[in-house]
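Please read the structure below before turning to the comments.
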Amino acid sequence: MTVDPASLKLQIHPAACLREKCKPVEVDDELRAIAARMIEVMRSAEGIGLAAPQVGLGMRIFVCHVPPEGEGPPADDAPIACAEPEVFINPEILAYEGPPEPYEEGCLSLPGILGEVRRPPVVRVRALGLDGTEFERRAGGLLGRCWQHEIDHLDGVMIIDKMTQMSRLKNRTALKQLERRGRRGR
Ligand code: NI
């Protein structure tokens, strides 16, 4: 498989690639180039996280950058931000802590849509880093929520599938418009 990282672009709902279940990947130079490009795409779209399906790739990798400033959901005592962009390869959720709580989320692949999603406040994740080494991390607040959101993407799951009933109603028109635009080829 060869991917030209420069050709990777943000994919918008209802693009079919957003609904695929991604496959585990090997860490090599090509993957490192893809990760670097994903960080660029995330930054230029002013997002805090981006998963491979959002640039059209069915690979189990996501990037995130949740800056320390700003408000977020409760975090217990877990880290809630990361100073630099981070890359998670073949990530797995090892444990959830605490009962699910609602918090408003958006998604770069769902412009104009914001809705409440219930998730556990703290999560523990295992993944490979860019050097191929396995690591385990725990996070809460916006960071823990971002990890859960991005790992959902790797299974073809989006916030529109998980939103509360109220948020579904609130976003119904915006979602229909997005889908109509998608069918027309944007
Ligand atoms: Ni998203």
Next on the checklist: Just to be sure before I move on: is Pro14 under 14 Å from Leu154 (Cβ atoms) and open to solvent by 50 Å² or more (accessible area, probe 1.4 Å) in the structure I sent?
Outcome noted: no
Item to check | Residues of segment 74-86 satisfying the condition of being touching a Leu at 6+ places or on another chain (Cβ under 7 Å) and either under 19 Å from Arg119 (Cα atoms) or within 16 Å of the ligand (Cβ to nearest atom) (or both) | outcome: Pro79, Ile80, Ala81
Checklist entry - Can you name every residue in segment 87-108 that is more than 16 Å from the ligand (Cβ to nearest atom), over 11 Å from Arg119 (Cα atoms) and either at pLDDT below 95 or of a type outside the set (A, V, I, L, M) (or both)? => result Asn90, Glu92
Checklist entry - Can you pull out the strands (runs of 3 or more DSSP E) entirely within segment 42-133 that have at least 3 residues that are open to solvent by less than 20 Å² (accessible area, probe 1.4 Å)? => result 49-51, 61-64, 86-97, 115-119, 122-128
Item to check | Cβ pairs under 7 Å, 6+ apart, first in segment 24-43 and at pLDDT 95 or above, second surrounded by fewer than 16 Cβ atoms within 10 Å (Cβ to Cβ) and not aliphatic (A, V, I, L, M) | outcome: Val27/Gly132
Checklist entry - Looking only at helices (runs of 4 or more DSSP H) that fall completely inside segment 142-186, which ones have 3 or more residues that are modelled with pLDDT of 95 or more and open to solvent by 30 Å² or more (accessible area, probe 1.4 Å)? => result 165-170, 172-183
Checklist outcome for this item: Reported set for segment 145-186 where residues are touching a strand residue (DSSP E or B) at 6+ places or on another chain (Cβ under 9 Å) and over 19 Å from Leu108 (Cβ atoms) is Thr164, Met166, Arg168, Lys170
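The values are calculated or read from the model by the stated rules, or taken from the named source; none is laboratory data. Quantities reported herein were computed from a predicted structural model and do not represent experimental measurements. FYI the Cβ positions are ideal-geometry reconstructions off the backbone, even for glycines, and counts take in every protein chain you see. Ligands, DNA and RNA are stripped out before the accessible areas are found, and what is left, the full protein with its side chains, is counted by its heavy atoms. Shrake-Rupley method; radii C 1.70, N 1.55, O 1.52, S 1.80 Å.
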